[in-house]
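Below you'll find the structure, written out as structure tokens, and then a few comments.
Every read-out reported here was derived from the displayed coordinates using simple, explicitly stated rules and does not represent laboratory data. All of these numbers come straight from a predicted model, not from anything done at the bench. Please note: Cβ atoms are built from the backbone with ideal geometry, for glycine as well, and neighbour counts cover all protein chains shown.
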């Protein structure tokens, strides 16, 4: 089915300030990789290790869970980012600016992960974590929207309709994180469990893009 003519905004016919796409992609992958690696630094041994395996595991369990949550989130966002750049033929300075803002938020992941790695979780810590994760997702969705509105950046085989479908997928994770803020004021445990919904809805959202 034909998607009709591509409408471009912002003078896509005369693209200027282009950014070298392979270098932008390599730099982005490097930031994601480093941030994901630094997540492990939030796992610390207790003051004394002279205890049973179950006691030792109980002592570090909150840190391990915080690491796993953030690593999965980082993997989801990286996969979404990688998919976008596979559909591009070029990148301009404005897309690069959005990408740099996204990477700056990604760099904060080890810090915000430390907020939820404690034994006692406060609503403020969970809310701040959810906001920081949502910010990454919002910026990722902004990239999809920007590219959809500037089709001259796309590879020749990619349609705007396809990009808008992936935009809807990119909105899933940040929406879930934002929705978890309200229940965090009453139960931080249930708010964090709600983040697991991402793993359920993302496959469903991806299926919609294939229709």
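Remarks
- Using alpha-carbon coordinates, inclination of helix 123-149 to the longest axis of the chain, degrees: 10
- Degrees, to the nearest 10: 197-209 long Cα axis against longest axis of the chain: 20
- Nearest-ten-degree value, helix 21-38 long axis tilted from longest Cα axis of the chain: 10
- Largest-first principal axis extents, alpha carbons of the range 18-209, Å: 61, 32, 26
- Normalised by the number of residues in the range 18-209, the average gap of Cα pairs under 8 Å and 6 or more apart makes the relative contact order 23 percent.
- Taking label positions 7 Å along the Cα-Cβ direction at both residue 104 and residue 186, the computed distance is 3.6 nm, reported to one decimal.
- Ranked by the mean number of other Cβ atoms within 10 Å of their residues, highest first, the peptides 145-157, 166-178, 182-194 come out as 166-178, 145-157, 182-194.
- Estimated D of the range 115-211 in µm² per second, where Rh is the Kirkwood radius over Cα pairs and Stokes-Einstein applies at 37 °C, 0.692 mPa s: 224
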